[in-house]
1. Specify the residue that is modelled with the lowest pLDDT; the eligible residues are those in the range 29-67 that are outside any helix (DSSP H, G or I) and on the phi < 0 side of the Ramachandran plot.
2. Which is surrounded by 13 or more Cβ atoms within 10 Å (Cβ to Cβ) and among the small types (Gly, Ala, Ser), of Ser28, Ser66?
3. Could you list, in sequence order, the residues of the range 68-118 that are at positive phi and out of contact with any helix residue (DSSP H, G or I) (no Cβ under 9 Å at 6 or more places or on another chain)?
4. Could you please tell me which pairs satisfy a Cβ distance under 9 Å, a separation of 6+ or placement on different chains, a first residue in the range 75-89 that is touching a residue at least 24 places away in the same chain (Cβ under 8 Å) and in a strand (DSSP E or B), and a second residue that is acidic (Asp, Glu) and loosely packed, with under 13 Cβ neighbours inside 10 Å?
5. Among the residues of the range 94-118 satisfying the criterion of being among the polar types (S, T, N, Q) and touching a Gly at 6+ places or on another chain (Cβ under 7 Å), which is surrounded by the most Cβ atoms within 10 Å (Cβ to Cβ)?
6. Can you report the number of residues in the range 31-63 which are surrounded by 14 or more Cβ atoms within 10 Å (Cβ to Cβ), touching a residue at least 60 places away in the same chain (Cβ under 8 Å) and either β-branched (Val, Ile, Thr) or over 28 Å from Lys86 (Cβ atoms) (or both)?
7. Kindly indicate whether Ala91 is at pLDDT 95 or above, in contact with a Pro (Cβ under 7 Å, 6 or more places away or on another chain) and surrounded by fewer than 11 Cβ atoms within 10 Å (Cβ to Cβ).
8. If you go through the range 5-21 one residue at a time, how many are out of contact with any helix residue (DSSP H, G or I) (no Cβ under 7 Å at 6 or more places or on another chain) and of a type in the set (Gly, Ala, Ser)?
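The values are calculated or read from the model by the stated rules, or taken from the named source; none is laboratory data. Predicted, not measured: the structure shown is a model, and the values here were computed from it. Counting neighbours? That spans all protein chains shown, and the Cβs are built from the backbone with ideal geometry, glycine included.
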Amino acid sequence: MEAVARLRNCPMSARKMRLVVDNIRGKSVEDALNILKYTNKEAAVWLEKLVLSAISNWEQKSEGFSADEHGLFIKRAFVDGGPMLKRFRPAPHGRANRIRKRMNHVTIVVENKILTEA
């Protein structure tokens, strides 16, 4: 059984978020949380909350089974670009430079390796 957690409109560029997501894709949930705990990037804080949310979603979906006993792993994790806030900053000689404040959408899918008897 798999469960999904999504983070929408995260105020960070997708490229920066992908650097951290690539480290946890395919790992077990415990390994992923340890990696995120000791990763020195802002994206790790967002992703740690998202992985915990995915675990909680799996526990709700499986009606009370504990995630510790069933060997959860991150089946899919991907980052898509989100909307951009566009601003202008004054530049020399009366010109204007565009500032693009990028956002992203992150999706994490967790699945169990040990099948549940239901």
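1. Ala67
2. Ser28
3. Of everything in the range 68-118, those that are at positive phi and out of contact with any helix residue (DSSP H, G or I) (no Cβ under 9 Å at 6 or more places or on another chain) turn out to be His93, Gly94.
4. Ala77/Asp22
5. This residue is Asn104.
6. Residues flagged as surrounded by 14 or more Cβ atoms within 10 Å (Cβ to Cβ), touching a residue at least 60 places away in the same chain (Cβ under 8 Å) and either β-branched (Val, Ile, Thr) or over 28 Å from Lys86 (Cβ atoms) (or both) within the range 31-63 amount to 1.
7. It is false that Ala91 is at pLDDT 95 or above, in contact with a Pro (Cβ under 7 Å, 6 or more places away or on another chain) and surrounded by fewer than 11 Cβ atoms within 10 Å (Cβ to Cβ).
8. Looking only at that region, the number is 2.
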